[in-house]
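To keep things clear, I will list the structure first and then write my remarks on it.
The values are calculated or read from the model by the stated rules, or taken from the named source; none is laboratory data. Keep in mind the model is a prediction, meaning the values are calculated, not measured. With ideal geometry, Cβ positions are generated from the backbone for all residues, glycine too; neighbour counts draw on all protein chains shown. To get the accessible areas, we keep the full protein, side chains included, count just its heavy atoms, and leave off ligands, DNA and RNA. Shrake-Rupley method; radii C 1.70, N 1.55, O 1.52, S 1.80 Å.
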Amino acid sequence: MKPSAAPLLEIRGLHIQGQSGEVWQDIVKDINLTLRRSEVLGLIGESGAGKSTLGLAAMGYARAGCRILSGTISFDGLDLIAMPEAEKRRLWGTRIAYVAQSAAASFNPAHRLIDQYKEVPVYHGKSGEAEAERNAHAVFRRLHLPEPERIGLRYPHQVSGGQLQRVMTAMAMACGPDLIVFDEPTTALDVTTQIEVLAAIKELVRNSNMAAIYISHDLAVVAQMADRVMVLRYGRLVEEARTGEMLAHPRQPYTKSLWAVRSLNKSEESGGDVVLSVRGVDAAYSGVVKVLHDVNLEVRRGRTVAVVGESGSGKSTLARVITGLLPPHKGEIVFAGKPLPPALSERPKDMLRRIQMIYQMPDMALNPRRRVRDILGRTLELHRGLSGAARENRIVELLEMIELDAGFLNRLPSELSGGQKQRICIARALAVEPDLIICDEVTSALDQIVAEGILKLLLRLQKELGVSYVYITHDLATVKAIADWIVVMQWGKVVQQGPKGEVLTPPHHPYTELLLSSVPEMRTDWLDRLLNARRVGAQATSA
Amino acid sequence: MNPIVTTVLQRVGLGVLTLLAVSVIIFAMIEMLPGDFASAILGQTATPETVAAFQRSIGLDKPPVTRYFEWIGGVLQGNFGESFSSAGALGGGHAKTVASLIGPRLSNTLFLAGFTALISVPLSLALGLLAALYRNSIFDRTVNLVTLTTISVPEFFVAYILMLILAVKFPIFYSLANVSPDTPFFERVARTALPAISLMLVIVAHMMRMTRAAIINLLASPYIEMAKLKGLAPSSVILRHALPNAWAPIGTVVALNLAYLIVGVVVAEVVFVYPGIGQLMVDSVAARDIPVVQACALLFAMAYILLNLLADIVGIVTNPRLLHPR
């Protein structure tokens, strides 16, 4: 694939502002971008880096509340800034297409998939209904969707997330565009599902003459897709390089920090008395949908048990069972040597104090109308009976533990960053001096550097206070960073468990193997090699 | 069984139960009203014996529970009983049935409601969609301002103003809407035009604003952005992608307003002297004609429950998750 001379897309000196309240803030500034035909450009950065805004600007589109202040955007010689809306609409869907982050939210729930696919070519007069339908079947087949003739008759909620994302990619291909903007197309998917979507996209891009912009926060994913990568931060360019070069020799420290969590590796420890043991637990929702089958695990003092699995594996349900929110059907939970009553309402207050929980979304776990002082103070009053100066002193002490200072006392959650909010949640859990904290995907919604900070904090607190963690996550890099013991779950069952070193070294259980091999690695040829290896493996088993 | 059918049947069953509960409440409330029909009609000079005899003749001497079951049993067979006041003139005369009193009034009310709804529902949907489409434009602001005004002004005031302008200053319409069962259709339409217009001004405002809000509420959805980025014009985005997901809230507000047209228009009836069911009920309360009051109240409850049931069903059948389960 040799790029042709004239660039397909050329952006010069782009400056975009977004309105937050009354003030306009820079979202994208001083960005120059050149994209040639059949080239794939990766845009990478953390939340708020302006990558989606830039991706949409490449289509000549600005979201409500955004304005393009200056700069030029030229698509195949056409000036997308000066172009009237009606003319841009003739480009969209036909020559420039968009693949959104969450296919589940970006498909209209009211229409069948095939109708949403056909809408593009039919609306733009590129083909008739029947022809569009035949084309759809062909693209669905190319993307290895099951039952390509029938899947289009389904509604979005009837199709799995990975399939939906592939249908969306197919929809973007409907008119054979020159440019596709992929906006985090696999971020909402499990690792094993991510692979099938990545493979489909890669195949499409490789076998057509189109150019693509691939936006992601995960450099390892971008590395599989892009020829060239631009790293963005606060709307500005940090560095730009060929993909291989960027991975081998990142010039900026910021680029290196994008894989911060991967470099953490806690040395595994064992021993300690058993704090919690879950014995033969079965659980079901509304008595019908069985989600846990015979789960056994033990948590020791001052140690971390990581529960790993994909969505639907039952890991969050396990947390609900331990905390008493969902009484189990069968089996028992023993805490500090005594059996725990199954239901929350039957547990004595002191038991409730000793098991705490931290959630994935700190935004939703904090009352938006309460200040930090009240959030922490309320817990101290309730469980520790503290008031007045004693309460105030303890709050400041807690803030120091989580590396914040007394200046945060009067802040509302909306005045905190995502990482700070999660720290407040940690402080609230620590306020009552628990023996066990259940961490449910606590770093999943955070950027890498922030996540690294939270993980380090959790490790430090564990060392100082001897608290135990049950750490629930789908992310194997985080597991490596924090776990002593790993429990792998699939479809409500524990498929493998053991000390970290043992679980992470071969031979693995086949599902553990699948999970581990599905985590994108920082090599440009990781996806190709993996797909090849799996193809060979599949042939070997079928032969 | 299809979950849709189950859900709809559940709702219908709940509606019937609600109606039964309401019938008990209606009966109990009327039981608690001060004063009774016999002493009201016979005057203060009547001896207790005359009152008792009269009460016996119209069945008021029986215990309330018995009377409730007699009433509701009759209603279930389509018999709403006999009006007190027509039986009233002690000497007898022929007792009129409640049904014969309510019948023509109800059909008048339904005619006015249907006439108003036929114009105002499509009108408010169209205005709401256009306002959402041209959000914050002059058109949107004007429509919002006008509808806000018509909601804020009391309806009798709107009615008198309309009468003053459209019947007195410029005699286009009739100022009085006095129709009888043998009024020909077109004259009926002409005579009810003014009450219909004044009701429209009130309910179009509600329905239009809710339609606009329901659509705008959806415009922030990712699938709307996707539709825009497929190159669809704003009108297609709203009609194809927003509207199909907005039927549930729109259906609810339409049902509420239609119910209002049946049960809540007594003011307009009084102003335009229109012989609707609202006036009949008010008159019957004044005359303590209990069977008529009960029947009217039950009909009103039925209208509310039925229309809300319809709105529920619209919400259910336009929800693809229910219509097409996994």
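A few comments on the model shown:
- Top-ranked residue of region B:154-172 - restricted to ones that are under 22 Å from the mean Cα position of the chain (by Cα) and loosely packed, with under 13 Cβ neighbours inside 10 Å, ranked as farthest from B:Ala190 (Cα to Cα): B:Pro154
- Filtered by the rule that a residue be outside any loop (DSSP other than H, G, I, E, B) and under 19 Å from B:Pro104 (Cβ atoms), region B:157-185 gives a lone residue, B:Phe185.
- A:Gln158 within 23 Å of A:Tyr214 (Cβ to Cβ), in the same structural domain as A:Val222 (by TED's automatic domain parsing) and either free of Cβ contacts under 8 Å to residues at least 24 places away in the same chain or open to solvent by 30 Å² or more (accessible area, probe 1.4 Å) (or both): no
- With respect to the stated conditions, B:Val51 fails to be modelled with pLDDT of 85 or more and assigned by TED's automatic domain parsing to the domain that holds B:Arg321.
- Any hit, region A:474-487, residues being of a type in the set (D, E, K, R) and not in a helix (DSSP H, G or I): yes
- Selection count, region B:13-41, where residues are of a type outside the set (Asp, Glu) and surrounded by 13 or more Cβ atoms within 10 Å (Cβ to Cβ): 14
- The residue of region A:34-49 that is surrounded by the fewest Cβ atoms within 10 Å (Cβ to Cβ), among those that are outside any strand (DSSP E or B) and under 27 Å from the mean Cα position of the chain (by Cα), is A:Ser47.
- Index of the failed condition, A:Leu476 passing every other in (1) of a type outside the set (Val, Ile, Thr); (2) over 19 Å from A:Glu310 (Cβ atoms); (3) assigned by TED's automatic domain parsing to the domain that holds A:Gln356: (2)
- Of all the listed residues (A:Val432, A:Val442), the sole one being surrounded by fewer than 21 Cβ atoms within 10 Å (Cβ to Cβ) and either of a type in the set (Val, Ile, Thr) or assigned to a strand (DSSP E or B) (or both) is A:Val432.
- Residue count, region A:63-107 (criterion: among the hydroxyl-bearing types (Ser, Thr, Tyr), surrounded by fewer than 21 Cβ atoms within 10 Å (Cβ to Cβ) and touching a helix residue (DSSP H, G or I) at 6+ places or on another chain (Cβ under 7 Å)): 1
The rows are residues; the columns are (1) part of a helix (DSSP H, G or I); (2) surrounded by fewer than 22 Cβ atoms within 10 Å (Cβ to Cβ).
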site	(1), (2)
A:Val222	yes, no
A:Glu239	no, yes
A:Glu245	yes, yes
A:Lys256	yes, yes
A:Ser267	no, yes
A:Ser277	no, yes
A:Asp282	no, yes
A:Val295	no, no
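- Qualifying residue in region A:164-186 (condition: farther than 19 Å from A:Leu91 by Cβ, within 20 Å of the chain's Cα centre (by Cα), in a loop (DSSP other than H, G, I, E, B) and not β-branched (Val, Ile, Thr)): yes
- For beta carbons closer than 8 Å, sequence separation of 6+ or different chains, a first residue in region B:211-224 that is hydroxyl-bearing (Ser, Thr, Tyr) and a second that is assigned to a loop (DSSP other than H, G, I, E, B), the qualifying pairs are B:Thr211/B:Ala246; B:Tyr223/A:Phe107; B:Tyr223/A:Asn108; B:Tyr223/A:Pro109.
- Top-ranked residue in region B:195-213 [being surrounded by fewer than 23 Cβ atoms within 10 Å (Cβ to Cβ) and farther than 13 Å from B:Glu155 by Cβ; ranked as farthest from the other protein chains (Cβ to nearest Cβ)]: B:Arg209
The rows are residues; the columns are (1) in the same structural domain as A:Leu113 (by TED's automatic domain parsing); (2) out of contact with any strand residue (DSSP E or B) (no Cβ under 7 Å at 6 or more places or on another chain).
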residue	(1), (2)
A:Asp183	yes, no
A:Leu189	yes, yes
A:Asn209	yes, yes
A:Gln224	yes, yes
A:Val238	yes, no
A:Glu269	no, yes
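- Given (1) out of contact with any helix residue (DSSP H, G or I) (no Cβ under 9 Å at 6 or more places or on another chain); (2) over 24 Å from A:Leu352 (Cβ atoms); (3) in contact (Cβ under 8 Å) with a residue 24 or more places away in the chain, number of the condition A:Glu310 does not satisfy: (1)
- For region A:77-120, a residue qualifies if it is more than 16 Å from A:Pro177 (Cβ to Cβ) and of a type in the set (Val, Ile, Thr), and the qualifying residues are A:Ile81, A:Ile114.
- Of all residues in region A:135-155 being surrounded by fewer than 18 Cβ atoms within 10 Å (Cβ to Cβ) and basic (Lys, Arg), the one that is nearest to the other protein chains (Cβ to nearest Cβ): A:Arg150
- Taken over region B:47-80, the residue count meeting the criterion of being under 17 Å from B:Glu31 (Cα atoms), among the β-branched types (Val, Ile, Thr) and exposed (fewer than 15 other Cβ atoms within 10 Å of the Cβ) is 2.
- Single match in A:Arg95, A:Arg63, A:Arg134 (criterion: modelled with pLDDT under 90, assigned by TED's automatic domain parsing to the domain that holds A:Thr186 and over 30 Å from A:Glu310 (Cα atoms)): A:Arg63
- Flag if A:Gln462 is in a helix (DSSP H, G or I) and touching a helix residue (DSSP H, G or I) at 6+ places or on another chain (Cβ under 8 Å): no
- Hits in region A:120-134 (condition: assigned to a helix (DSSP H, G or I), within 14 Å of chain B (Cβ to nearest Cβ) and among the charged types (D, E, K, R)): none
- Test for A:Ile114: is it more than 9 Å from chain B (Cβ to nearest Cβ), open to solvent by less than 50 Å² (accessible area, probe 1.4 Å) and part of a helix (DSSP H, G or I): yes
- Residue satisfying all of: in region A:98-110; in contact with a Pro (Cβ under 9 Å, 6 or more places away or on another chain) and within 7 Å of chain B (Cβ to nearest Cβ); modelled with the lowest pLDDT among these: A:Ser102
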